1. Carbon and sulfur atoms: what percent of the 1.4 Å accessible area of the chain do they account for?
2. With the contact rule set at Cα under 8 Å and sequence spacing of 6 or more, what percent relative contact order holds for the chain?
3. Using packing as a proxy for protection, rank 84-90, 18-24 so that the peptide with the highest average count of other Cβ atoms within 10 Å comes first.
4. 5 Å is the cut-off here: which amide hydrogens, built 1.01 Å from N in the peptide plane, fall below it relative to E19, excluding neighbours closer than 5 in sequence?
5. In square nanometres, what is the average projected area of the Cα convex hull of region 36-99?
6. Semi-axes of the equivalent ellipsoid for region 118-181, please: Cα gyration tensor eigenvalues, times 5, square-rooted, ordered largest first, whole Å.
7. Leaving out ligands and nucleic acids, and using a 1.4 Å probe, what accessible area per residue does the chain come to in Å²?
8. Give me the number: length gained by fully extending S98 to V21, i.e. 0.36 nm times residue separation minus the C-alpha to C-alpha distance, one decimal in nm.
Amino acid sequence: HYEKRRVEIVESAEAKRMELVVSWPGGEAAPAGDDTRWALVADELRAVIARRRSTLVFVNSRQLAERLAHLINEREGETVAYPHHGSLSKELRAVVESRLKKGELKAIVATSSLELGIDIGELDEVILVQTPPGVSQAVQRIGRAGHAVGLVSRGTIIPSHGMDLLRSFVVCGMVGRKDIEESSPVRCPPCTG
């Protein structure tokens, strides 16, 4: 039996600060769409991982999560990153999350499987390889870093090709202006009976 209950919405008066930049590994002359391009991306990720206690890298597909984690580890010569996506068992995902939180793993390369509130500990920065499909997803992903009142959420977008580079600048501007797509909650029809 469902009964409505009184709720209060609590909103902090302190505005959430976000810093988002775009990085194009290799500069203007960098090749696009081939193994050399992905090697440049993997090397940039390795540099970020080396500077940080823990790093969360978001990608838009399971295949890319696997590919980048493999490239990072292969070029590093040891396992510093592990993929995280919905095709992995729940138990394996829990182990990966726990290892990152404990500092036993330096990085996770994840799909949207880690966008929401799973506690994986403190993150200095979130890396987005390829522009997310929507501004709200970019905000959600970047918000995983500096995930406490008063902290700045920092993120970097690493585009994979020229058109993605253009999209990444558009998304950066929209995140900065807090110009997020409108959401429309799913409404269930009233229960009968």
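1. Ligands and nucleic acids excluded, carbon and sulfur reach 52 percent.
2. 27
3. Highest to lowest by the protection proxy: 18-24, 84-90.
4. Those qualifying (amide H under 5 Å, at least 5 residues apart or on another chain) are S153, R154, G155.
5. Computed as one quarter of the Cα hull surface, the answer is 4.4 nm².
6. Each semi-axis is the square root of five times an eigenvalue, giving 21, 13, 9 Å.
7. For the chain, the per-residue accessible area is 61 Å².
8. Result for the pair: 24.9 nm of gain on full extension.
The values are calculated or read from the model by the stated rules, or taken from the named source; none is laboratory data. Note that this is a predicted model, so its numbers are computed, not measured. Please note: Cβ atoms are built from the backbone with ideal geometry, for glycine as well, and neighbour counts cover all protein chains shown. Surface areas here come from the heavy atoms of the whole protein model, side chains and all, with no ligands, DNA or RNA. Shrake-Rupley method; radii C 1.70, N 1.55, O 1.52, S 1.80 Å.
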